[in-house]
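Data block below; observations after.
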Amino acid sequence: GISSRRLPITFWCETRINCLDAEVLDAMAHAGCKGINFGLESGDDDVLKSGAKAGVDVKKIRSILAETDRHGIVSHLLVVVGLPQETRKSIFETYTLLGELPARTLGVTGITPFPGTALWNDAEKRGWVKSKDWSLYGGNHSVMTTDHLSRDDIRFAAGMLYEYFGLTRPGAAPIDHIEAHRERMRRWVEHGI
């Protein structure tokens, strides 16, 4: 409707990877879409399959982000660290993928189990909720653990994902800085903090 009426507007939206294809992105670009927020959540197929993003895999992520870029639409990625099924190894998969995607910006948050949600109920039952200080419930603080990740792991990984993404943008950092960052992340994957 925007295109057929030739409305002089631009917009930015948020959608899921599996709701898009080349045809939809073409229509969005012609209608004035300038950017899309994508809830990527993880760059590991096993984590995605286990419920983080049903119907999405890394191949689809790569394809849609490349197509979005070809249409001149800016991509903003949203990633959450600390999903119940995540491990340090699966977080490294996300880390690696972030350095390869044609996105302009990134938002990283730690998992936050809000009361009344299935995540909250599961986290409470398993003893993962480590803080009920509601002022910390906004994604910028680590308030829970999982069977695989401590609060320190979640904080560390979130920071490393964000830093690495910034380092890998074209012209942002020399390759030796990027390699040093990767080595630090590899050490964490193998040995923890």
Segment 1-111 shape via C-alpha gyration tensor axes, a/c threshold 1.5: prolate
Would you mind calculating the relative contact order of the chain from Cα pairs under 8 angstrom and at least 6 residues apart, reporting the percent as a whole number? 18 percent
Share antiparallel - DSSP beta bridges, the chain, percent rounded to 5: 5 percent
Taking only Cα atoms and a 10 Å spring cutoff, compute GNM fluctuations for the chain and point out the largest among Ile111, Ile175, Ile154. Ile175
Against the longest principal axis of the chain, how steep is helix 22-31, in degrees 0 to 90 to the nearest 10, with axes from Cα atoms? 70 degrees
For segment 132-187, alpha-carbon Rg relative to the globular expectation (2.2 N^0.38 Å, N residues): 1.40
Please report the accessible area of Ser4 (heavy atoms, 1.4 Å probe, ligands and nucleic acids excluded) in Å², nearest 10. 90 Å²
What whole-number distance in Å separates the alpha-carbon centres of segment 40-62 and segment 170-184? 26 Å
Percent accessible area from carbon and sulfur atoms, segment 1-133, protein chains only, probe 1.4 Å: 50 percent
Which value, in Å² rounded to 10, gives the accessible area of Val108 with a 1.4 Å probe and all protein chains present? 30 Å²
Stretched out fully, how many nm does the piece from Ser50 to Arg169 gain, at 0.36 nm a residue minus the Cα gap? 39.9 nm
Out of these labelled values of Rg and Dmax of the Cα atoms in Å, (i) 18.0, 58; (ii) 19.0, 59; (iii) 19.3, 67, which was calculated from the coordinates shown here? (i)
Among Asp44, Asp152, Asp133: highest mean-square fluctuation, GNM of the chain, C-alpha pairs under 10 Å: Asp133
Given charges of +1 on the Cβ of Lys and Arg and -1 on the Cβ of Asp and Glu, with all other atoms neutral, how large is the dipole of segment 37-193 about its Cα centre, in debye to the nearest 20? 160 debye
In nm, the gap between the two label points placed 7 Å beyond Cα toward Cβ at Ala180 and Lys132 is 4.5 nm
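Rank-order 184-193, 134-143 by packing density, defined as the average count of other C-beta atoms within 10 Å over each peptide's residues, highest first. Intermediate results must be reported in sequence, preceding the final value.
Values: 184-193: 13.2, 134-143: 15.1.
The packing order, highest mean first, is 134-143, 184-193.
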Can you work out the Karplus-derived ³J(HN,Hα) for every residue in segment 37-45? Use 6.51 cos²θ - 1.76 cosθ + 1.60 with θ = phi - 60°, whole Hz, and x for glycine or proline. 8, 10, x, 6, 6, 8, x, 10, 4
Which order do you get for Cys13, Cys19, Cys33 if you rank them by accessible area with a 1.4 Å probe, largest at the top? Cys19, Cys13, Cys33
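The values are calculated or read from the model by the stated rules, or taken from the named source; none is laboratory data. Remember, predicted model here, so these are calculated numbers, not experimental data. Backbone-built Cβ (ideal geometry, glycine too); neighbour counts: all protein chains shown. Keep in mind that these areas ignore ligands, DNA and RNA; they rest on the heavy atoms of the full protein, side chains included. Shrake-Rupley method; radii C 1.70, N 1.55, O 1.52, S 1.80 Å.
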